[in-house]
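The block underneath contains the structure these notes are about, expressed in structure tokens.
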Amino acid sequence: MALIDKQIDVTLERIRPHEASELSVLCREIYTQHYLHLWFDAGAWYQQTRYNPEIIATELAHPEAEFYWVISKKYKVGYLKLNLHAAPPELPLYTTENSLEVERIYLHQNVMGKGVGRYVMEWVDRTARNLNKACVFLYSMDSSDAVAFYEKTGYRKAATKRLPFEQMKPEYRGMYLMIKAV
């Protein structure tokens with residue numbers, strides 16, 4: 001079901017497995033706008049291992065993950081990936097039954113600061129409540145401006161970890177686990 005926010009004209013629509021190639025193109029487009037500086041190889045390895053159509057098709061078919069197009073003014077401006085039965089291993093209080101993970105929320109640069117991200121995160125909160133989840137969690141790079149955005153939407157830093165990718169510049173490997181009760 002598509003949900004629309006008339007005020008900012010945002011729609012979230014479920015992405016289906018047959019749309020893997022289209023999602024692959026969008027993933028790479030958005031990734032190059034935000035993340036190439038993190039990598040010694042400008043993100044080539046990461047994009048190939050995460051965003052090729054075959055891998056995305058496998059992810060889209062996974063029964064415990066849901067992907068959504070973020071559509072604004074009839075254009076696909078981003079996507080969202082939710083893991084319906086995931087738990088933050090750093091916080092044993094939260095289980096796969098009572099937690100929802102936002103694994104990815106990627107938005108085009110041209111919609112940043114226009115309320116699209118805020119709307120998507122509010123939609124995630126409503127979805128979590130509808131699924132009877134106690135919390136929503138995500139990981140954000142500790143060097144990212146997104147940390148402040150997530151804090152404004154009610155998330156708090158709960159733990160840290162480091163990414164193991166040797167292709168990534170060491171100063172960008174830090175991550176915050178951020179969590180919000182819903």
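The values are calculated or read from the model by the stated rules, or taken from the named source; none is laboratory data. What you see is a predicted model; the values in this text were computed from it and never measured. Cβ coordinates were reconstructed from backbone atoms using ideal geometry, including for glycine residues, and neighbour counts include every protein chain displayed.
Summary table below
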quantity: Cβ-Cβ under 7 Å pairs, at least 6 apart or on other chains, region 79-103 side of a type in the set (S, T, Y) and at pLDDT below 95, far side part of a loop (DSSP other than H, G, I, E, B) and surrounded by 19 or more Cβ atoms within 10 Å (Cβ to Cβ); calculated: Y94/A87; Y94/P88; T95/A87; T96/A87
quantity: Number of the exception - I56 against (1) more than 15 Å from R28 (Cα to Cα); (2) touching a Ser or Thr at 6+ places or on another chain (Cβ under 7 Å); calculated: (1)
quantity: The one condition in (1) within 16 Å of the chain's Cα centre (by Cα); (2) at pLDDT 95 or above; (3) exposed (fewer than 15 other Cβ atoms within 10 Å of the Cβ) that K169 fails to fulfil; calculated: (1)
quantity: Count of residues meeting criterion [in contact with a strand residue (DSSP E or B) (Cβ under 6 Å, 6 or more places away or on another chain) and among the charged types (D, E, K, R)] in region 122-161; calculated: 4
quantity: Criterion (surrounded by 19 or more Cβ atoms within 10 Å (Cβ to Cβ) and either in a loop (DSSP other than H, G, I, E, B) or more than 15 Å from the chain's Cα centre (by Cα) (or both)) met by exactly one of K157, K133; calculated: K133
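Residue by residue, here is whether (1) among the acidic types (D, E); (2) touching a helix residue (DSSP H, G or I) at 6+ places or on another chain (Cβ under 8 Å); (3) farther than 30 Å from K169 by Cβ holds:
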| site | (1), (2), (3) |
| --- | --- |
| L12 | no, yes, yes |
| E22 | yes, no, yes |
| Y31 | no, yes, no |
| L38 | no, yes, no |
| L82 | no, yes, no |
